[in-house]
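The values are calculated or read from the model by the stated rules, or taken from the named source; none is laboratory data. Just so you know, these numbers come straight off a predicted model, no measurement behind them. Glycine gets a Cβ as well: all are built from the backbone with ideal geometry, and neighbour counts include every protein chain shown.
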Amino acid sequence: MSRDTVIFNFRKGFEPLKEAFEANGYRVAANEWAPAPQLARRCEAAVVNLYEAIRRPRDAVGLHRRLRAAGAPLIGVDRDAPWHMGMRWRRLALFRLLRPLDIYATHTLQPTWEFAPVKIYNPNAVWTRRFNLHGHTLAEMRDPLFFEYDVSFLGNLDGERYREHAQRTSKLFLSVTKYVEWVREGARSEAELALSKARARVEKLDRASRKLEETELKLRQAQDDLAHLQVVTEETRARLSAFLAAGLQALDAGASAAMLPLCIARRMSVTLPSSAGSTPLRLMNASARSVEINALPMIAGPAPTTPSTCCSLATSAR
């Protein structure tokens, strides 16, 4: 018959250890202090809570006899050595005298009572289903950059119920209080620093906003001045164009009036009767001295007809 069963006597349960046995392929028989012979023969071992066994020594001795007959060991698990949960020393002494255990598994290396011929170290472990590395490695977790605070757990903190823990609890509370004050002070300093940075940033943004508003105001003023300057420029250009046009028209009129007598003088000549003959008007106009024209009597008879006279008559006829 194969031994595929483990007797597991923990009245309040020890779920992580039970799951570990089941994960290794064992069937767990819970709270069996008087197993039947068939169950005892299928039993690989019996694991019991040490303090339950101490409180019921008769059942512990009976279970040990049945398992010894079936060739299975009885293992007592102690998770509170060397304090032993504050149990009376008479109970502890009686259990040590009876020696019902084959193996005493304790979680500490400190000196304790000897309850079995074989004593093994059974350190506390974690419930891997609830607490695991979540894909990380131990080497990665040892890196100081991996964590922010290094926190350790000490175990039972009920100093009123367990008098032996009172001193440890008071020291722990004092340490925790100092740690909390340190964390609070650090948080306050960080908050003040963040607040001062935020204020400086707000002031900087405020200055930038005021500067931007001033720049926008100056830009609007410059745009208004530019628009006004454009209007003045257009008006000045229009006035200047009108003035120049009027001046040009006046100049053109004056030039035309000045050129008309000259043209007439160039085209016409007047022959006056004189004793010396006829004098063309253009020669008179070109003379540097003023020419006096006097009407003379016809002493020598009519003026002779000259080519200039013919040309003047022809111009007049036109």
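Looking at Leu50, Leu67, which is the one that is within 19 Å of Tyr104 (Cβ to Cβ), touching a Leu at 6+ places or on another chain (Cβ under 6 Å), assigned by TED's automatic domain parsing to the domain that holds Leu98 and aliphatic (A, V, I, L, M)?
Sole residue among the options that is within 19 Å of Tyr104 (Cβ to Cβ), touching a Leu at 6+ places or on another chain (Cβ under 6 Å), assigned by TED's automatic domain parsing to the domain that holds Leu98 and aliphatic (A, V, I, L, M): Leu67.
I'd like the full set of residues that are part of a loop (DSSP other than H, G, I, E, B) and either of a type in the set (Lys, Arg) or within 59 Å of the chain's Cα centre (by Cα) (or both), limited to the range 100-124.
Listed by number, the residues that qualify are His107, Thr108, Leu109, Gln110, Pro111, Thr112, Asn122, Pro123, Asn124.
Tally up the residues in the range 61-77 that are under 60 Å from the mean Cα position of the chain (by Cα) and among the small types (Gly, Ala, Ser), please.
Here the count works out to 1.
Which of the residues that make up the range 1-17 are more than 20 Å from Gly71 (Cα to Cα) and not in a loop (DSSP other than H, G, I, E, B)?
Glu15, Pro16, Leu17
Has the range 20-43 got at least one residue that is charged (D, E, K, R), in the same structural domain as Tyr121 (by TED's automatic domain parsing), in contact with a strand residue (DSSP E or B) (Cβ under 9 Å, 6 or more places away or on another chain) and free of Cβ contacts under 8 Å to residues at least 12 places away in the same chain?
yes
Kindly indicate which of Leu67, Leu17, Leu74 is under 26 Å from Glu114 (Cα atoms) and in contact with an Asp or Glu (Cβ under 7 Å, 6 or more places away or on another chain).
Values: Leu67 fails: in contact with an Asp or Glu (Cβ under 7 Å, 6 or more places away or on another chain); Leu17 fails: in contact with an Asp or Glu (Cβ under 7 Å, 6 or more places away or on another chain).
On inspection, the qualifying residue turns out to be Leu74.
For the range 72-86, state whether one or more residues are in a helix (DSSP H, G or I), over 25 Å from Pro16 (Cα atoms) and touching a strand residue (DSSP E or B) at 6+ places or on another chain (Cβ under 8 Å).
Within the range 72-86, none of the residues are in a helix (DSSP H, G or I), over 25 Å from Pro16 (Cα atoms) and touching a strand residue (DSSP E or B) at 6+ places or on another chain (Cβ under 8 Å).
Being surrounded by 15 or more Cβ atoms within 10 Å (Cβ to Cβ), part of a loop (DSSP other than H, G, I, E, B) and not aromatic (Phe, Trp, Tyr) is the filter here, so list the residues in the range 18-55 that pass it.
Glu32, Pro35
Against the conditions (1) touching a helix residue (DSSP H, G or I) at 6+ places or on another chain (Cβ under 9 Å); (2) surrounded by fewer than 16 Cβ atoms within 10 Å (Cβ to Cβ); (3) assigned to a helix (DSSP H, G or I), where does Leu97 fall short? Just the number, please.
(1)
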